[in-house]
1. Sorted by accessible area (1.4 Å probe), largest first, how do 8, 119, 60 line up?
2. I'd like the Karplus ³J(HN,Hα) series for the stretch 134-144: coefficients 6.51, -1.76, 1.60, θ = phi - 60°, whole numbers in Hz, and an x wherever there's a Gly or Pro.
3. Do you know the relative contact order of the stretch 134-183, to the nearest whole percent, from alpha carbon pairs under 8 angstrom that are 6+ apart?
4. Just read off the accessible area of residue 123 with the full protein assembly in place, 1.4 Å probe, to the nearest 10 Å².
5. Starting at the first residue of the stretch 165-176, write each ³J(HN,Hα) from the Karplus equation 6.51 cos²θ - 1.76 cosθ + 1.60 with θ = phi - 60°, in whole Hz, x for Gly and Pro.
6. Report residue 57's accessible area, 1.4 Å probe, all protein chains in place, as a number in Å² to the nearest 10.
7. Report, in whole Å, the centroid distance computed from the Cα atoms of the stretch 3-58 and the stretch 140-156.
8. Once the whole set of protein chains is in place, how much accessible area is left on residue 120, using a 1.4 Å probe, in Å² to the nearest 10?
Amino acid sequence: VGVEFRWWKARHAGEILNTLSNSSITYDIGNNGHSFENGDLYYDYTTTKPQITAFGHALWKFGKLNVMTDLQVASVNYHIIEDVPSSNNYPDDPEDHGGDIWTGTATDDNGDLIEYELWDYKRSFSYLSPKFGANYNVNENLNVFANFSRAVNEPRVKYFFGYGSPNEDLELETTNDIELGSG
């Protein structure tokens, strides 16, 4: 048995690296075209992700039968804070997406202060991953076995956050594996 705790922090940013010999290019933010030069950021957000996992593993022997049991329970929490407005971060009602918005400021080409609506968004996932296996030794030359396992894959941040248009309906990807055989 055991417990594992992990904590990640990552900055996600999109930077204009090449304007293809133009002094600037147009990129849509909030469905409005904005002018960007080389080195400008067109999205920028920071994600923190604490995760706690509890697990247990056991091997059992009953004569010719060997049994393996394994159970993992995990909770993952995401906190995403935008520093530059993303392309879809202007919903009609922020409550529709389960997040809060806050106001950020920037200076335009004329030196005037512009206010932007920026996301402060949280999303949590919890899951259970059981594994079970049995191996029976029929004789010295033959054994039969059966295994079941469930694997869970978290969606990538860009899919559930959607660059400022969170998808609350996105679920974890779950795969069940069953194996039967002899050897």
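The values are calculated or read from the model by the stated rules, or taken from the named source; none is laboratory data. In this text, all values refer to a predicted model and were calculated from it rather than measured experimentally. SASA here: full protein model, heavy atoms, side chains in, ligands and nucleic acids out. Shrake-Rupley method; radii C 1.70, N 1.55, O 1.52, S 1.80 Å.
1. Numbers: 8 100, 119 0, 60 125 Å².
So, going from the largest accessible area down, we get 60, 8, 119.
2. These are the phi-based 3J(HN,Hα) values: 9, 9, 10, 8, 5, 7, 5, 10, 9, 9, 10 Hz.
3. Numbers: 67 pairs, mean separation 23.0, N = 50.
Relative CO of the stretch 134-183 lands at 46 percent.
4. 30 Å²
5. After applying 6.51 cos²θ - 1.76 cosθ + 1.60, I find 9, x, 10, 6, 8, 5, 10, 5, 7, 10, 10, 9 Hz.
6. The accessible area comes out at roughly 110 Å².
7. Using only Cα atoms, the two centres lie 36 Å from each other.
8. Accessible surface of residue 120 is approximately 50 Å².
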